[in-house]
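What follows is one structure encoded as structure tokens, with my remarks underneath.
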Amino acid sequence: MTQTQGSLVRQITDYAHRADPYPIYAELRKTPVVHDEEGPYIVSTYWEIHGLLHDPRLSSDARNLDPQAASEPPEEDDPGLPPSFLRLDPPEHDRLRRLATAPFGPPHTPRRLHEMRGELTRIVGELIDGFDGRDRIDLVDHFSYPFPVTVICRLLGVPREDEPRFHAWADTLAASLDPGPDAEAGTDTGADVAERRRITRQARTELATYLSELIEERRRAPGDDMLSALVGEQGPEGRMSRVELLSTAALLLVAGHETTVNLITNGMLTLLRNPDVLARLREDPHLVVPLVEELLRFDPPVQMLPQRTPLSEIDIAGVTIPQGASVWLLLASGNRDPQRFPDPDRFDPQRRDNQHLGFGSGVHSCFGAPLARLEAQIALTELARRLDGPRLLEDPPTYRRNAVLRGPRHLPLAFEGLRPNRTAHRSPNGSPNGSRHGYPNGSPNGSPNGSR
């Protein structure tokens, strides 16, 4: 089916629908595959999305996209910071993914995440301790952003005092994933496209320069961080080249916190809209494991994958998608498909058979999913336990412009008080343990986050 009554792309990416895109998704699911008048084939139902994510004929490499199917002319490759392995197909994708995951967890370092649990819990505890003396906070600025960014800095070995620098780069690169018109200007003229590309290229160049210096430091003096492991990793297929190291480090740095910020914020927003579930979590912390899985289904941080193209014709749901066409996979719509999930618009942490698409599926499934799950589980458990009488001050909150990585830009909360931090302890010199982590001013709140 070809859409002729207005552009579906503009409906999906229209900021007016950002707070609640799910009614649009419900309309789309009436026709599982729709050819939009502006170019892409939009797939919105669970089984069709799942099948395409596992179909080797569907490419993630933009070089396979027919230029005539692109919404705008393709950008030239950036030799300084090329696309990460997420934008490649097997076998290149598989080789780089294996090298990237080796120092991240099983089977090579099976205890890395387990051993991080105590560290993550301490960081969360210190951030919540920082709420003392307040009766309201912005959850994004004071918690959801600084927590995962502190974790990824610690994991990669990035100096925590450099966080403000790559915060701006990460925001710019994340915004470049949005396939819609220029969010701020509201138009998509040639000048707007050119300006977006200039800003994105500048951010990529600056990030590449920064990471190059960091990589060289790790070559000279390796540490116990993940970047040192990537620099020294020698697998059966060799080691990463310099540009591969750069693109992988940039991916880990940006993706390692951008999605988790939204997962935690969307999660707390959902809990505050469902106070009975929040109360249950406070009484039973074990509920958090299925609860996070339901959050990933109900309101996932990654709403869609707009960068796919067939290597040959694909017939799906009665529609033939030609080779080289642009394909959008609406993961968040598939997660609300009633043909797969009974009563899909209800938030149910005890939902059975919850094989959601929150982390994608197939060869490109999110390899950072175990860390994101653990971060969200610890964060939401402690927020539920320690905040007395939390309530929303703005509903719906102000959302970020990005239609792909969807989440509130700010989430103002009020609360009546704080419960004690069970994980607090002091170092031998009597100072809080935050000073052990290289935080500026000895605190995970040492760098400004208000610009977010």
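The values are calculated or read from the model by the stated rules, or taken from the named source; none is laboratory data. This one's a predicted model, so the numbers in the text were calculated from it and none came from an experiment. Backbone-built Cβ (ideal geometry, glycine too); neighbour counts: all protein chains shown. Protein only, heavy atoms only, side chains kept; ligands, DNA and RNA dropped before computing areas. Shrake-Rupley method; radii C 1.70, N 1.55, O 1.52, S 1.80 Å.
Quick check for you: with a 1.4 Å probe and neighbouring chains kept, what is the accessible area per residue of the stretch 100-161, in Å²?
For the stretch 100-161, the solvent-accessible area averages 38 Å² per residue.
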Positive dipole terminus of the chain, leading residue within Ala379, Ala203, Pro83 (C-beta point charges): Ala379
For the chain, what is the Kirkwood hydrodynamic radius in Å, using each pair of distinct C-alpha atoms? 22.9 Å
Could you sort Trp47, Trp169 by their accessible area in this structure, using a 1.4 Å probe and putting the largest first? Trp47, Trp169
Just to be sure I understand: of the beta bridges DSSP finds with both ends in the chain, what percent are antiparallel, rounded to 5? 80 percent
Positive end of the dipole of the chain, charges at C-beta (+1 Lys, Arg; -1 Asp, Glu), about the Cα centre: which of Ala170, Gly389, Leu28 has its Cα farthest in that direction? Gly389
Not counting ligands, DNA or RNA, and with a 1.4 Å probe, what is His114's accessible surface area in Å² rounded to the nearest 10? 110 Å²
So what's the convex hull volume per residue for the Cα atoms of the stretch 303-363, in Å³? 108 Å³
If you take every residue apart from Ile316 with its C-beta less than 9 Å away from the C-beta of Ile316, what net charge results, scoring Lys and Arg +1 and Asp and Glu -1? -3
In debye to the nearest 20, the charge dipole size for the stretch 343-416, taken about the Cα centre with +1 at each Lys and Arg Cβ and -1 at each Asp and Glu Cβ, equals 260 debye
Mean Kyte-Doolittle of at least -0.5 plus a Cα span of 24 Å or more along the axis: flag which DSSP H helices in the chain meet both, please. 112-129, 242-273, 369-386
Heavy-atom accessible area of Cys153 with all protein chains present, probe 1.4 Å, nearest 10 Å²? 0 Å²
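What number comes out for the charge environment of Gly334, summing +1 per Lys or Arg and -1 per Asp or Glu over other residues with Cβ under 12 Å away? Don't skip to the answer; put the middle values down first.
Values: positive: Arg29, Arg297, Arg336, Arg340; negative: Glu48, Asp337.
Around Gly334, the charge tally is +2.
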Top to bottom by accessible area (1.4 Å), largest first, where do Arg97, Arg422, Arg409 land? Arg422, Arg409, Arg97
If you put +1 on each Lys and Arg Cβ and -1 on each Asp and Glu Cβ, how big is the dipole of the stretch 9-50 around its Cα centre, in Debye rounded to 20? 120 debye
Descending principal axes extents, the stretch 334-432, alpha-carbon based, whole Å: 56, 34, 30
According to a simple spin-label model (label point 7 Å from Cα along Cα-to-Cβ), what is the distance in nm between Asp55 and Asp192? 3.1 nm
As a test of reading the structure, rank His286, His410 by solvent-accessible area (1.4 Å probe, protein chains only), most first. His286, His410
Cα-based Debye curve of the stretch 278-385 sampled at q = 0.15, 0.16 Å⁻¹ gives log₁₀ I(q)/I(0) of -0.73, -0.80
For the stretch 95-153, what's the radius of gyration and Dmax over Cα atoms, in angstrom? 15.5, 51
Going toward the positive end of the dipole of the chain, with +1 on Lys and Arg Cβ and -1 on Asp and Glu Cβ, which of Leu278, Met304, Gly362 do you reach last? Leu278
Could you compute how much accessible surface Ile321 exposes when probed at 1.4 Å, giving the result in Å² to the nearest 10? 0 Å²
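What FRET efficiency would be calculated for the residue pair Ala369, Glu27, taking the C-beta separation as r and a Förster radius of 22 Å, to the nearest 0.05?
Once the sixth-power term is evaluated, E becomes 0.15.
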Net dipole in debye of the chain [+1 Lys, Arg Cβ; -1 Asp, Glu Cβ; about Cα centre; nearest 20]: 1320 debye
Where the stretch 255-348 is the region considered: accessible area per residue in Å², 1.4 Å probe: 33 Å²
Using a 1.4 angstrom probe on heavy atoms only, work out the carbon and sulfur share of the accessible area of the chain in %. 51 percent
Cα coordinate range in the stretch 212-257, projected on the principal axes (Å, largest first): 28, 24, 18
